[in-house]
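Undergrad: Below are the structure tokens for one structure; questions will follow.
Each reported figure results from applying straightforward, stated rules to the coordinates on display, with no laboratory input. Remember, predicted model here, so these are calculated numbers, not experimental data. All Cβ positions, glycine included, derive from the backbone under ideal geometry; neighbour counts span all protein chains shown.
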Amino acid sequence: MTKFVERVFSGVQPTGNLHLGNYLGAIQRFVEMQNKYNCIYCVVDEHAITVWQDPKGLQNAIREVTAAFIASGIDPKAHIVFNQSQVAEHAELAWVFNCVARMGWLNRMTQFKEKAGKDKEAASVGLFAYPALMAADILVYRATHVPVGEDQKQHLELSRDIATKFNNDFAESIAAHGFEDGFFPLPEPLIQGAATRVMSLRDGTKKMSKSDPSDLSRINMTDDADTIASKIRKARTDPEPLPSEEEGLKGRAEADNLVAIFSALSGRMVADILGEFGGGQFSTFKTALADLTVAKLSPITTEMKRLMADPAHIDAVLADGSARARTIAAPIMNSVKDIVGFIRAK
Ligand code: AQP
């Protein structure tokens, strides 16, 4: 049985408007993983251009995600922080995976359907092939654990399908090259915490998203204290007071979402929160939630601003992380080339 080194990989797209959902569903988890695993955190700029990005805005967004990682507590010296396009092996392995994955598999991806909208003919080929690149991001490090929000579950399942098919299709060649029981691990999604799917503040049935045209729908990681308080005050709720029991949150998407955010930010159980705020007015709860959100995000926002003032430092962090990422990815990609039957200079 091949023993895979336990390794965490995850990524965030530099598409602007980094929000509380990205923080609670992903970045906060990334920070926690650092004590237990060797972690690789990637600013996935190649994913970002699957939809149009203004080049200057893209550079800024890459630095902003990097700053958010570091300001949130990711240690780029102990772990690896880099941007995807600096490690060519991601795109190289993605091509091999494009040839392993089946059209039918990608056709079932709900995120493509949502992002492409009605005019699928006008969507980029990259947007369609996005999940194969995501599989390559993870597997080019033979990563075993992937912390993500709930919305990425289907893509993670596809990564496992691609790894399985590669291991099966090339089983003989994999064994001939000295690897026992498959070349790629089947990466485990880690979808954990109280807020794996943070919903829009304007519509509890839609996830909080960078691309929502309404800025009121999300708390941005760069929002100041007044903006955060005002967005939470204006967050949609129903006319009922908060329930005292968890059961009472059923069918009340907006209330459920705000309580989940409170729970994720405070580390308190939902029952405990409802014990304190149940039966009371929403306004009292919203004030406490705003204070909590500001207390949690403000130090991060301040540190992000400080880091963003020195782009050369951020670029140096990314260059260093990319060089270290390459030392892991290059030999794995070389083995893939050998397994597939390519000829390479040795
Ligand atoms: N609302 C959310 N709740 C919890 N987790 C979330 N994530 C995203 N939205 C939520 C998680 O954040 C990580 C990075 O996401 P991404 O930037 O790679 O892309 P995304 O999932 O497409 O994020 P957005 O914000 O929704 O962007 P748009 O609007 O462009 O689609 C992932 O782990 C994701 O699960």
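Undergrad: Can you classify the range 30-107 as rounded, prolate or oblate using the Cα gyration tensor, where a ≥ b ≥ c are the square roots of its eigenvalues, rounded means a/c under 1.5, and otherwise it's prolate if a/b beats b/c and oblate if not?
TA: Taking the square roots of the gyration eigenvalues as a ≥ b ≥ c, the range 30-107 is oblate.
Undergrad: When we measure straight from the Cα of Lys115, which lysines land under 20 angstrom away, once same-chain ones fewer than 8 places off are left out?
TA: Within the straight-line limit of under 20 Å, Lys115 reaches these lysines: Lys153, Lys206, Lys207, Lys210.
Undergrad: Assuming 0.692 mPa s and 37 °C, estimate D for the range 183-319 with Stokes-Einstein, Rh taken as the Kirkwood radius over Cα pairs, in µm²/s.
TA: The calculation lands on 198 µm²/s.
Undergrad: Now for a separate question. Which value results when the Cα radius of gyration for the range 87-218 is divided by 2.2 N^0.38 Å? Could the numbers behind the result be given before it?
TA: On the way: Rg = 16.9 Å, N = 132, 2.2 N^0.38 = 14.1 Å.
So the range 87-218 has a normalised radius of gyration of 1.20.
Undergrad: Over the chain, with a single point scatterer placed on each C-alpha, what log10 of the ratio I(q)/I(0) does the Debye formula yield at q = 0.09, 0.12, 0.15 1/Å?
TA: Computed log10 I(q)/I(0) values: -0.52, -0.89, -1.28.
Undergrad: If amide H atoms are built 1.01 Å from N in the plane of the peptide, which residues on other chains or at least 5 residues away come under 5 Å of the amide H of Gly280?
TA: Counting only residues 5 or more places away or on other chains, the set is Leu242.
Undergrad: Can you give the % of DSSP beta bridges in the chain that are antiparallel, to the nearest 5?
TA: 10 percent
Undergrad: Rounded, prolate or oblate, given the Cα gyration tensor of the range 260-346, with a/c below 1.5 counting as rounded? Before the final figure, lay out the partial values.
TA: Values: a/c = 6.35, a/b = 2.20, b/c = 2.88.
Because a/c hits 1.5 or more and a/b fails to exceed b/c, the range 260-346 counts as oblate.
Undergrad: Could you tell me which trypsin sites (Lys or Arg not before Pro) in the range 16-80 are loop residues by DSSP with no more than 10 other beta carbons within 10 angstrom of their beta carbon?
TA: Filter output for the range 16-80: Lys36, Lys77.
Undergrad: So for the chain, averaging the separation of alpha carbon pairs under 8 Å that are six or more residues apart and normalising by length, what relative contact order in percent results? Mind dumping the intermediate values first?
TA: Numbers: 531 pairs, mean separation 82.1, N = 346.
24 percent.
Undergrad: So, one more: So what are the ³J(HN,Hα) numbers for the range 272-281, from phi and the Karplus equation (6.51, -1.76, 1.60; θ = phi - 60°), rounded to whole Hz, Gly and Pro as x?
TA: For the range 272-281, the Karplus curve yields 5, 5, 5, x, 7, 9, x, x, x, 6 Hz.
Undergrad: Here is a follow-up. Run the reach check for Lys77 against lysines, Cα to Cα strictly under 17 Å, same-chain hits fewer than 8 apart removed. What comes back?
TA: Lys36
Undergrad: How would you rank 314-323, 4-13, 225-234, highest first, on the average number of other Cβ atoms within 10 Å across their residues?
TA: 4-13, 314-323, 225-234
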